[in-house]
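Right, one structure below, let's go through it.
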Amino acid sequence: MVTAVAQRLASQRKEIDDTLATFALSPTQLQEVKAKMRVELERGLKKDTHPTASVKMLPTYVYRTPDGTERGKYLALDLGGTNFRVLVVKIRTGMRNSVRMYNKIYAIPLEIMQGTGEELFDHIVQCISDFLDYMGMKNTRLPLGFTFSFPCNQTGIDKGDLVSWTKGFKATDCEGYDVVDMLREAIKRRNEFDLDIVAIVNDTVGTMMTCAYEDPKCQIGLIAGTGSNVCYMEEMKNIELVEGDEGQMCVNTEWGGFGENDNIEDIRTRYDREVDGGSLNPGKQRFEKMTSGMYLGEIVRQILIDLTKRGLLFRGRITERLKTKGIFETNDRLALLQVRSILQSLGLDSTCDDSIIVKEVCGAVSRRAAQLCGAGMAAVVDKIRENRGLDHLEITVGIDKYLYAMRFSDETLRDIMARFRREMENGLGGDTNPTATVKMLPTFVRSIPDGSEKGDFIALDLGGSNFRILRVKVSHEKKQTVQMESQIYETPEDIIHGSGSRLFDHVAECLGDFMEKQKIKDKKLPVGFTFSFPCAHSKLDEAVLLTWTKRFKASGVEGMDVVKLLNKAIKKRGVNIMAVVNDTVGTMMTCGFDDQRCEVGIIIGTGTNACYMEELRHIDMVEGDEGRMCINTEWGAFGDDGTLEDIRTEFDREIDRGSLNPGKQLFEKMVSGMYMGELVRLILVKMAKEGLLFEGRITPELLTKGKFETKHVSAIEKSKEGLTKAKEILTRLGVEPSEDDCIAVQHVCAIVSFRSANLIAATLGAILTRLKDNKNSPRLRTTVGIDGSLYKMHPQYSRRLHKTVRRLVPESDVRFLLSESGSGKGAAMVTAWASRLTQYRHMTLFCFPDGDLGVKSFNMQLS
Ligand code: BG6
Ligand code: GLC
Ligand code: GLC
């Protein structure tokens, strides 16, 4: 008995396995797909084979990818994907390009998708009309770009005859006609507004252009959505359908049609044929029907029906729902439990075994889809590589492999975000703080400026790439205004590495010089001190240096109160240090002056760090539960206990070994400006040693620490002159770089700087989610004050950072506000409070237990 059951189960299992095996493609089969795709790409490009080619290789009249000089305001339509969208896109140029978008999604009812062409275009124009009303833009004649995700025979950038509908569309009287004309006529029919239709592009082209805006090296656009398609930059001389041999043009491959000439019948299954037969365009788009979202669910459904009929599933019962087209959407990452509940919601009474089988079916179908896309992609990449006649691609792909460990998926970044959140909690907790690596130092700053600060102050700013002394005058006539003058002073290496007393004497001397120049020698101005190192505060004007970081290493200062040390040195100048703030705090305060919402300050410069406003009740190290206090996280030390070992590379270890503080500030050493150039240099040395660069040439300059600087990374990553810069910089290192070398070095720089932006996005993401949780609100709206040379000078850094943060913390609206004037203004604000408090103290002889304050508590005391 038992064996009979077991035998039946085994044979059922075998039947299921055999069915799914037809979806498993061997490496040889995939190679064949790639080779066949490659042949079709060629046939589509050639005049005589084009008419019979299954991959149409349509010219797009897009000659180049964006170069960052684009600007203006455009209307855009996006038709053919899952949604129909109308958008306004504003591209501005300022210090960095900025793109703003507003969009609205509209439904296209099935009867319109499959009605008449006139109805379809009237509907589109009606949606545009609604959108223009909504945006209040009916009377501006905007240029319009039309993303139309169907194959079009284009004869110009604004002319495109629809070849044939694909996916879910089938409106009559459109195939063979110019889509732009049809749209124009519909606008005329409505006679309500006017638009200049300037371009029609396929969605793949739109995607490539969007990404090229981020990364100029992007030359391929892939859509794997409702449909499946690819475009790429082809050499004009290979596009026989278009006159001219110079330069490049983007080609819309329409690879979805691959297989229409029966050349992949060997890998199509009976389920593929069933799906095809039941579609709007039988026999067409065969590759698309094996790879894209619109069809994968259908394939799954066909397999399930078959397995059920054969008694292998759902106890052999086929429900009406299962017979309904389109009930499945494919998602192979669903957990078993989810599969079960989906099946239940579809009225399919499933056992646990059933869920397992369904999950396997989904996996097999989507795995094959991914593999087929991969094979197709490999054909396109091969084609591009051959065109260039160079190994560029090989190089970038090669480097990617080499530096694989520096590229993180969002999943990894989310994991790092979670780790940092735990570190923050450890730092805040009373029991865990003593051993925490991320110190979460209380700053005794309890709010951002409220607009009432005034006075005349001196600010010292020590610890970043410059030592600066500033005079900050805050006046109050009607409006609060700030006047600043500043001077930069040298801090020679022998001074920052000498004795502490010499360092502070030097600061005092510079201060004397500054006061003389400002003619304020006799004024006893309050001084605020931005000191960009980790300090333990017990009040605003007491700051014990925990440890030096970055370039500093003066003896006899660690463990001491820097206020005392500095006051001693400047005593004879008659001024007094009122407050010490970290640069992150100064930055947050500077930005908070302009934007009341600012509650985070970050520095991405020589070093890196962040501060933010934390609820006092969560800060075990400080008494009191009411209100908030700014916490200096000192996130540079993240990883010092080994938490980041899995993502540190051999290069990171080498940087650390050669630093002033081995074993410390491990996160900072992976991301900040002081180390980035060095990281790139070490990678280049290793690659040269392995013969991957400079024909193996290694020069003494290349081997010299500090010869490759972070500002070089920034220069090399500029989109326009980057390669020329690379050549200049590498030539100075004596390595005689080839063009390929320059491209490779640019790529290395991008990987290293990208990693930095990604890691910072993760730690910042952790702070943002914490803020959100503290506020107990579903969405966080906040401003991050930000400063630092790397962030300011690197051409792509800020954009990458912002983008990743938005991806990692989608439930937030974050404004990044650059502190144009450094941290001095913010330090002056804190000093203003501190000196008011002192005056108050003198007046009343009232003794505060701690010298800290925030605007709120302070105003209360005064009134
Ligand atoms: C400056 C701030 O703008 O940026 C300093 O005034 C801060 O306080 C510095 O330390 C950080 O950037 P970098 O690149 O100079 O270390
Ligand atoms: C279909 C269309 C193609 C489009 C793709 C992705 O394959 O024919 O033009 O790019 O879907 O949306
Ligand atoms: C270092 C310091 C930190 C500072 C940061 C940015 O990480 O330890 O205090 O904020 O550099 O300058």
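Side notes on the structure shown:
- Residue within region 146-155 that is over 29 Å from Glu243 (Cβ atoms) and out of contact with any helix residue (DSSP H, G or I) (no Cβ under 7 Å at 6 or more places or on another chain) present: no
Residue by residue, here is whether (1) open to solvent by 70 Å² or more (accessible area, probe 1.4 Å); (2) within 16 Å of ligand 3 (Cβ to nearest atom); (3) of a type in the set (Phe, Trp, Tyr) holds:
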residue	(1), (2), (3)
His476	yes, no, no
Ser501	yes, no, no
Lys524	yes, no, no
Phe533	no, yes, yes
Ala536	no, yes, no
Lys550	no, yes, no
Lys553	yes, yes, no
Lys564	yes, no, no
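- In region 359-408, residue most open to solvent (accessible area, probe 1.4 Å) [restricted to those that are modelled with pLDDT of 85 or more and not in a helix (DSSP H, G or I)]: Arg407
- The single residue among Phe169, Phe150 that is in contact (Cβ under 8 Å) with a residue 24 or more places away in the chain, open to solvent by less than 10 Å² (accessible area, probe 1.4 Å) and closer than 25 Å to Gly293 by Cβ turns out to be Phe150.
- Single unsatisfied condition, Lys727 versus (1) part of a helix (DSSP H, G or I); (2) at pLDDT below 95: (2)
- Hits in region 171-190 (condition: touching a helix residue (DSSP H, G or I) at 6+ places or on another chain (Cβ under 7 Å), closer than 24 Å to Gly283 by Cα and of a type outside the set (Ser, Thr, Tyr)): Ala171, Asp173, Cys174
- Looking across region 188-236, the residues that are open to solvent by less than 60 Å² (accessible area, probe 1.4 Å), among the polar types (S, T, N, Q) and within 16 Å of ligand 2 (Cβ to nearest atom) come down to Asn202, Thr204, Thr207, Thr226, Ser228, Asn229.
- Filter result (touching a helix residue (DSSP H, G or I) at 6+ places or on another chain (Cβ under 8 Å) and small (Gly, Ala, Ser)) within region 277-310: Gly278, Ser279, Gly283, Ser292
- Screening Lys718 with (1) part of a helix (DSSP H, G or I); (2) closer than 17 Å to Arg799 by Cα gives one miss only, at (1).
- Among the residues of region 761-796, the one identified as within 16 Å of ligand 1 (Cβ to nearest atom), open to solvent by less than 10 Å² (accessible area, probe 1.4 Å) and farther than 23 Å from Val438 by Cα is His794.
- Taken over region 617-649, the criterion of being outside any loop (DSSP other than H, G, I, E, B) and either crowded, with 24+ Cβ neighbours inside 10 Å or without any contact (Cβ under 8 Å) to a residue 24 or more places away in the chain (or both) is satisfied by Arg617, Cys630, Ile631, Asn632, Trp635, Gly636, Ala637, Glu645, Asp646.
- Helices (runs of 4 or more DSSP H) wholly inside region 238-355 containing at least 2 residues that are at pLDDT 85 or above: 270-277, 286-291, 293-309
- Each residue in region 281-302 was checked for being open to solvent by less than 10 Å² (accessible area, probe 1.4 Å), in contact (Cβ under 8 Å) with a residue 60 or more places away in the chain and among the small types (Gly, Ala, Ser), and 1 pass.
- Selection from region 303-322 of residues that are farther than 15 Å from Ile342 by Cα and open to solvent by 20 Å² or more (accessible area, probe 1.4 Å): Ile305, Lys309, Arg310, Gly311, Arg315, Gly316, Arg317, Ile318, Glu320
- Residues of region 815-829 classified as in contact with a helix residue (DSSP H, G or I) (Cβ under 6 Å, 6 or more places away or on another chain), open to solvent by less than 10 Å² (accessible area, probe 1.4 Å) and either within 16 Å of ligand 3 (Cβ to nearest atom) or more than 20 Å from Arg446 (Cβ to Cβ) (or both), total: 4
- Within region 478-496, tally of residues that are within 29 Å of Gly556 (Cα to Cα), more than 14 Å from ligand 1 (Cβ to nearest atom) and surrounded by 16 or more Cβ atoms within 10 Å (Cβ to Cβ): 1
- Some residue of region 656-664 being within 26 Å of the chain's Cα centre (by Cα), more than 16 Å from ligand 2 (Cβ to nearest atom), closer than 27 Å to Asp583 by Cβ and open to solvent by less than 30 Å² (accessible area, probe 1.4 Å): no
- In region 594-620, the residues that are more than 16 Å from ligand 3 (Cβ to nearest atom) and in contact with a helix residue (DSSP H, G or I) (Cβ under 8 Å, 6 or more places away or on another chain): Cys598, Glu599, Met613, Glu614, Glu615, His618, Ile619, Asp620
- Taken over region 39-52, residues that are surrounded by 18 or more Cβ atoms within 10 Å (Cβ to Cβ) and either free of Cβ contacts under 8 Å to residues at least 40 places away in the same chain or charged (D, E, K, R) (or both) amount to 2.
- Note on region 1-38: residues that are free of Cβ contacts under 8 Å to residues at least 40 places away in the same chain and either in contact with a Gly (Cβ under 7 Å, 6 or more places away or on another chain) or of a type in the set (Lys, Arg) (or both) amount to 3.
- Residues considered: Val275, Val251. Of these, the only one that is buried (at least 19 other Cβ atoms within 10 Å of the Cβ) and farther than 18 Å from Glu40 by Cα is Val275.
- For region 748-755, the criterion of a residue being without any contact (Cβ under 8 Å) to a residue 24 or more places away in the chain and either farther than 30 Å from Gly691 by Cβ or touching a Lys or Arg at 6+ places or on another chain (Cβ under 7 Å) (or both) is satisfied by no position.
- Residue match in region 418-427 (condition: at pLDDT below 95 and open to solvent by 50 Å² or more (accessible area, probe 1.4 Å)): no
- Selection within region 156-166: residues that are in contact (Cβ under 8 Å) with a residue 40 or more places away in the chain and in a strand (DSSP E or B). The member of this set that is surrounded by the most Cβ atoms within 10 Å (Cβ to Cβ) is Gly160.
- Flag if Glu695 is in a helix (DSSP H, G or I) and closer than 24 Å to Ile602 by Cβ: no
- Residue pairs whose Cβ atoms lie under 6 Å apart, separated by 6 or more positions or on different chains, with the first residue in region 256-271 and aromatic (Phe, Trp, Tyr) and the second more than 16 Å from ligand 2 (Cβ to nearest atom), are Tyr271/Ile299; Tyr271/Gln302; Tyr271/Ile303.
- Which listed residue is in a helix (DSSP H, G or I) and away from ligand 1 (no atom under 16 Å from the Cβ), from Arg184, Arg100, Arg85, Arg92: Arg184
The values are calculated or read from the model by the stated rules, or taken from the named source; none is laboratory data. Given the structure is predicted, the values throughout are model-derived calculations rather than measurements. Reconstructed Cβ throughout: ideal geometry from the backbone, glycine too, with neighbour counts over all protein chains shown. All accessible areas refer to the heavy atoms of the entire protein, side chains included, with ligands and DNA or RNA removed. Shrake-Rupley method; radii C 1.70, N 1.55, O 1.52, S 1.80 Å.
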